[in-house]
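J.: Supplied in structure tokens, the structure appears directly below.
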């Protein structure tokens, strides 16, 4: 390869970098962000912008015990197949997927699956998965363990959560007694 070709290549890279820098500098000089002085469209009954900046207080979850009494395991299995199987496995001794295998999760320790790399948010929570804690986790994982890597938004319906928990309870040789 001729040294002039190398020089041409280096010059092209240098010119492109200078052009990129100049384009950014010119655009930053010409375009300035300005906030509007007043609302263009006022919506009646809407909360003021300052009030919406406050975090909303979460409503307490209903107790899971009464919901488990009327929970449907078959519906829970159906919900698990729709919501969870893309990341989790549910067979005894099964390998982890994106998330850990959930066989025997009810009553097990938070980091129950050997070899799975749990987030620090889960590792930092001691103890075993109780029915109430599974209810809170399934309602909104990010609220139960801030910093979790689980991106699932949660199950809004308390009845659906109870159905899922009832199904998860069956995935054990010795299911944990109902509360």
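Every number here is computed from the coordinates shown, using simple stated rules; none is lab data. Bear in mind the structure is a predicted one, so any value in this text is a computation, not a measurement. All Cβ positions, even for glycine, are placed from backbone atoms using ideal geometry, and neighbour counts span all protein chains on display.
J.: Answer with yes or no whether residue 111 is on the phi > 0 side of the Ramachandran plot and surrounded by 12 or more Cβ atoms within 10 Å (Cβ to Cβ).
T.: Spelling it out, it is not the case that residue 111 is on the phi > 0 side of the Ramachandran plot and surrounded by 12 or more Cβ atoms within 10 Å (Cβ to Cβ).
Residues are listed down the side, and each one gets a yes or a no for (1) within 15 Å of residue 172 (Cβ to Cβ); (2) out of contact with any strand residue (DSSP E or B) (no Cβ under 6 Å at 6 or more places or on another chain); (3) not in a helix (DSSP H, G or I):
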{"position": "85", "(1), (2), (3)": "no, yes, yes"}
{"position": "92", "(1), (2), (3)": "yes, yes, yes"}
{"position": "101", "(1), (2), (3)": "yes, yes, yes"}
{"position": "113", "(1), (2), (3)": "yes, yes, yes"}
{"position": "121", "(1), (2), (3)": "no, yes, no"}
{"position": "149", "(1), (2), (3)": "no, yes, yes"}
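This table checks each residue for (1) in contact (Cβ under 8 Å) with a residue 24 or more places away in the chain; (2) crowded, with 19+ Cβ neighbours inside 10 Å.
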| position | (1), (2) |
| --- | --- |
| 75 | yes, no |
| 99 | yes, no |
| 115 | no, no |
| 119 | yes, no |
| 130 | no, no |
| 138 | yes, yes |
| 151 | no, no |
| 156 | no, no |
| 163 | yes, yes |
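J.: Still on this structure, I have one more. Which condition number in (1) surrounded by fewer than 16 Cβ atoms within 10 Å (Cβ to Cβ); (2) in contact (Cβ under 8 Å) with a residue 24 or more places away in the chain; (3) at positive phi is the one that residue 104 fails?
T.: Every condition holds for residue 104 apart from (1).
J.: Testing residue 147 on (1) touching a helix residue (DSSP H, G or I) at 6+ places or on another chain (Cβ under 6 Å); (2) over 21 Å from residue 116 (Cβ atoms); (3) surrounded by fewer than 17 Cβ atoms within 10 Å (Cβ to Cβ), one condition comes back false. Which one is that?
T.: (2)
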